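So the structure is just underneath, and the comments pick up after that.
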Amino acid sequence: MTEPIKWVEKDRSAKNVFWPTEEMKRHAWVADEAIYEQAAADPEGFWAKQAEEISWIKRWGKTYQFEPHNYKWFVGGKLNISFNSLDRHIEAGKGDKIALIWEPEPTETEVIKLTYTELHREVCKFANVLKGLGVKKGDRVGIYLPMIPEAVVAMQACARIGAPHSVVFSAFSPESLRDRLIDAGAKILITADGYFRRTKKIDLKRNADAGVEGTDVEKVIVVNRLGDGAQMTADRDLWYHELMADASDHCLPEEMDSEDLLFILYTSGTTGKPKGVVHTTGGYAVQAAITTKWNFNLHDDDVFWCTADVGWITGHTYVNYGPLMNGSTSVIYEGSPDAPDYGRMWAIIAKHKVTALYTAPTAIRMCVKWGDQWPAKHNLSSLRILGTVGEPINLDAWLWYFEKIGGGRCPIIDTWWQTETGANMINSLPGIGPFMPTIAGRPFPGINAQILEVGGKMQLPPGEGGYLAIGGPLPPALLRGVYRDPERFKDQYFSEYGPEYYFTGDGARKDEPGNVRITGRVDDVMNVAGHRLATAEVESALAQNDKVSEVAVVSRPHDLKGEVPVAFVLLKVGADHSDEIRKELIKTVDSVIGPTARPDEIVFVDNVPKTRSGKIMRRLLKSLVRNEPLGDTSTLVNPECVDELKGLTSYKG
Ligand code: PRX
């Protein structure tokens, strides 16, 4: 039994500051603070040392090379991330270790455990299936799969043959899938007949069928998850299991340049059109591997459960590549945390003796709401480390997680990062600490995160709020581009502070020792239950309903989901302000994006506040729904609509 984490000795007034136990310090990969200074003194040397932890076919020459908008890591190095995830461990004699544990949602369905040898075999076979269908290095492959082992197999198989994958979240609508397949130019889609979610069967194949229409997809590979006999389209659809039956299990990993494209992952920007974030191989592999190892302190006996879906970056890095590159055991769960009851997460931890749990604040808040009795029913003593990601975590949720789930023993690693950064950037390390609710911690060693003034480049002193930016050397796992849109890449990330600083889009401030508190997005991006969405995306979805004349969407804080969209809708003449139309609009959002984007409230208005140049003043709407002072409204062309809006919302001023 580990001793409880101690309250800070130095300053007792600073409640809620926790430090690692002696046991944790002994067990941790890094426990000496000097690592931060050493890495800051020679970041390239630091990353080169970490790169030696993985296998290279050919060693790199220059460690880091920077030209404006073009930065490279481990220049000229050759490697394969699937080799690093699988073959390497088998060669080291760990072939019999469990790589993946799949927990299906229905409790009567059998759990699947795949050893490294078994997973390797599946990946090689599926890589050969893809090759047999003509997929070559550089060809983009669409993946639209639920949380089943084949999702990991498919990503690994793509990586093995050098075909960049583009995973689309399985709860996204056909339209979202279509846009992403078209943008990526995918000719192959891997999907499933369906999956279980909250005890119901979800027909994924129907969405996939609708989504591939109008794309260049020639072949659709279908995993038979439900076994209900999905409708197959002749000459296009192929069953995964039939293809696998004849495939050879021998497939040499493709030699990939360090800067070869590994995957594209679409995420929300500030406009209505999602952007394809481009990640390359070497730098991503190194940072994914080391952050997984150090943040979750993975050793041979660990069982790691990152609850993220493979459709998000967290699923890419901390369900698949990170744990597997560390030869760890990674748990994946198919379904919902409330199926069959509110204790499912805790039952899974007890059943598989999970040692490190990584989840989102929104999930924690939901569990708080469901009550302490659910975790109390299960033995959670296997847990050693807890992690959170995706949004700021509030004090109550943090303390609940710490006490009720971690039993006061487990440090909480609050990791700040983004789809664009590929891997963790800011967090306290388990052997060093401190662990403080609502504060992510220090930048990971070798990461040069700065709080910069707004409108200038000055580094702000502790306590002052500014924009979070990352200076050089730019992190190894940082995106290398926006797929087929170099201008957007420059504009979005390197115009605020120039090419030397990556602009994150987040506000933040630091304390004296350099711990960072994230204050939230400074652009029109929301985090809804850990899902990233642009207000503009929800607007363009609503605008597709032909009753809508004009629409403005802003975010509002929400107890459980962190943030939710609120829509101000001006209907066309003849449409009445009814609940029927509200329902219809929700349906429109569901079909264009998916249920995650549903507005929490739809306010029908006769006017939206506009500037003289005709732009909707969203800032004012945001203040209205947040009950904040409205600020200057003198630039409005229609100031009279402000009073009307106050009456329509719960604004108290
Ligand atoms: O606003 C920050 C928030 O999530 C954004 C990135 O979202 P996404 O690309 O979907 O990636 C989420 C998973 C890595 C960031 O710009 N965010 C992420 N982690 C944290 C966070 N906000 C506060 N604390 C965090 N730990």
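Summarised as an ellipsoid, the range 533-648 has semi-axes of 22, 17, 12 Å, derived from the eigenvalues of the Cα gyration tensor scaled by 5 and square-rooted, with the largest first.
Here, the chain has an Rg and a Dmax of 24.3, 74 Å when only alpha carbons are counted. Taking the three principal axes of the alpha carbon atoms in the range 117-225, the coordinate ranges are 33, 31, 17 Å, sorted in descending order. Taking 7 Å steps out from each Cα toward its Cβ at Arg206 and Asp32 produces label points 6.1 nm apart.
The residues neighbouring Ile264, those whose beta-carbon lies less than 10 Å from its own, together hold a net charge of +3 under the Lys/Arg +1, Asp/Glu -1 convention.
The relative contact order of the range 533-648 comes to 23 percent, based on Cα pairs under 8 Å that sit 6 or more residues apart.
The lysines whose alpha-carbon is closer than 20 Å to the alpha-carbon of Lys457, local same-chain residues fewer than 8 away aside, are Lys490, Lys510. Among the trypsin sites (Lys or Arg not before Pro) in the range 447-515, those placed in a DSSP loop whose Cβ has at most 14 other Cβ atoms within 10 Å are Lys457, Arg484. Check the straight Cα-Cα distances from Lys353 and name the lysines below 26 Å, setting aside those fewer than 8 residues away within the same chain. Correct list for Lys353: Lys6, Lys25, Lys94, Lys97, Lys113, Lys293, Lys369, Lys377, Lys404. Charges were assigned to the Cβ only: +1 to each Lys and Arg, -1 to each Asp and Glu. The resulting dipole of the chain about its Cα centre is roughly 360 debye. Residue-wise HN-Hα couplings along the range 566-573, as the Karplus relation 6.51 cos²θ - 1.76 cosθ + 1.60 with θ = phi - 60° gives them from phi, are 10, 10, 9, 10, 9, 8, 6, 4 Hz; Gly and Pro carry x. Only lysines eight or more places from Lys187 in sequence, or on another chain, were considered; those with a Cα closer than 26 Å are Lys125, Lys131, Lys136, Lys137, Lys205, Lys219, Lys273, Lys275. Projecting the alpha carbon convex hull of the range 71-124 along each direction and taking the average yields 5.9 nm². Per residue, the accessible area of the chain comes to 38 Å², computed with a 1.4 Å probe over protein heavy atoms only. For Thr199, the shell of other residues with beta-carbons less than 13 Å away shows a net charge of 0, using +1 for Lys and Arg and -1 for Asp and Glu. For the range 421-517, the Kirkwood estimate of the hydrodynamic radius, built from every pair of different alpha carbons, is 14.0 Å. In terms of the mean number of neighbouring beta-carbon atoms within 10 Å, the peptides 352-359, 163-170, 542-549, 577-584 order highest first as 163-170, 352-359, 542-549, 577-584. Here the peptides 64-71, 212-219 are ranked by packing, the mean other Cβ count within 10 Å, and the order with the highest first is 212-219, 64-71.
The values are calculated or read from the model by the stated rules, or taken from the named source; none is laboratory data. Values in this document were obtained by computation on a predicted structure and should not be read as measured data. With ideal geometry, Cβ positions are generated from the backbone for all residues, glycine too; neighbour counts draw on all protein chains shown. The accessibility values were calculated without ligands, DNA or RNA, using every heavy atom of the protein model including side chains. Shrake-Rupley method; radii C 1.70, N 1.55, O 1.52, S 1.80 Å.
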